[in-house]
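Undergrad: The structure that follows is given in the form of structure tokens.
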Amino acid sequence: MNKIVFLDKDGTLVEDVPYNTDPSRIKLCPGVPEALRLLQQQEYKLIVASNQSGVARGLFMEEALLRVKQTLDRLLRKHGVHLDGFYYCPHHVNGTVSRYAMKCTCRKPMPGMLIHGAVKHGADLAASWMIGDILNDVEAGNRAGCRTILINNGNETEWDYRSAKRIPTFIANDMLEAARLISTSIMPGYTQTTSAGEQVGT
Ligand SMILES: [Mg+2]
Ligand SMILES: [Zn+2]
């Protein structure tokens, strides 16, 4: 089975500019290319999972997100990084555009995008990770059954630990530290080899 690192976009992969879809204002966060290369070398698929309620709020069209994806692909390709997927949730319960104004199961902290990605890519969620800069990302990852890393860069300000699902497996200062934590973590309860030398998960 495959394994995935799900990545929040705003404030995690790129500098957080609220509701931005302008390619010229999309800048990678420090350490992101190195971090993603390291994860790619470890054979993780890299999938973006981003809340984009600006669509439901009428601030931009869904098509604008295609430009965002293409920009991100271009910035990362220069560093030899390939994204395997780009998922976004366009919904918001208080949206002004009626077809997107709904309570959905894909807006983080719900795990819909992660579960969809895992099914599509034949991935084991227990061997997968979610990295984000707020606890809603962590909760989505934990709800999906992944391990989770919070990038503690100041974007989480409420620290609402109302449920155990909001507690990350690790807290890292930046993406490179997060990637190193993942690359050195053995899955709990995971047996590397049997006596027969065959790899098994327990
Ligand atoms: Mg974020
Ligand atoms: Zn949604």
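The values are calculated or read from the model by the stated rules, or taken from the named source; none is laboratory data. Source: prediction; values computed, not measured. All Cβ positions, even for glycine, are placed from backbone atoms using ideal geometry, and neighbour counts span all protein chains on display. The area values use the complete protein model at the heavy-atom level, side chains included, leaving out ligands, DNA and RNA. Shrake-Rupley method; radii C 1.70, N 1.55, O 1.52, S 1.80 Å.
Undergrad: Can you tell me which of 154-165, 30-41 comes out highest on packing, and rank the rest after it, using the mean Cβ neighbours within 10 Å?
TA: In descending order of packing, they fall as 30-41, 154-165.
Undergrad: Further, regarding this structure: Can you work out the accessible area per residue across the chain, with the rest of the protein chains kept in place, probe 1.4 Å, in square angstrom?
TA: Normalised by residue count, the accessible surface of the chain is 50 Å².
Undergrad: Please report the net charge: other residues with Cβ closer than 12 Å to the Cβ of residue 30, K and R +1, D and E -1.
TA: It works out to a net charge of -3.
Undergrad: Which cross-chain or sequence-distant (5 or more) residues have an amide H under 5 Å from the amide H of residue 172, H modelled 1.01 Å from N in plane?
TA: 150, 151, 152
Undergrad: A follow-up question, please. Sequence-distant or interchain residues sharing an amide H contact under 5 Å with residue 2, placed H: which?
TA: Placed amide hydrogens put 123, 124 under 5 Å from residue 2.
Undergrad: Ok, one more. Tell me the angle of helix 64-77 to the major Cα principal axis of the chain, expressed in degrees between 0 and 90 and rounded to the nearest ten.
TA: 40 degrees
Undergrad: In the chain, carbon and sulfur make up what percent of the accessible area (probe 1.4 Å)?
TA: Summing carbon and sulfur atoms, their accessible area is 51 percent of the total for the chain.
Undergrad: If the chain between residue 37 and residue 67 were fully stretched, how many nm would it gain, using 0.36 nm times the residue separation less the Cα-Cα distance?
TA: 8.5 nm
Undergrad: Output the lone cysteines of the chain: those with no second cysteine's C-beta under 4.7 Å from their C-beta.
TA: 29, 104, 146
Undergrad: What is the extension gain from residue 17 to residue 1, computed as 0.36 nm multiplied by their sequence separation minus the C-alpha to C-alpha distance, in nm to one decimal?
TA: Once the chain is fully extended between residue 17 and residue 1, it gains 2.2 nm.
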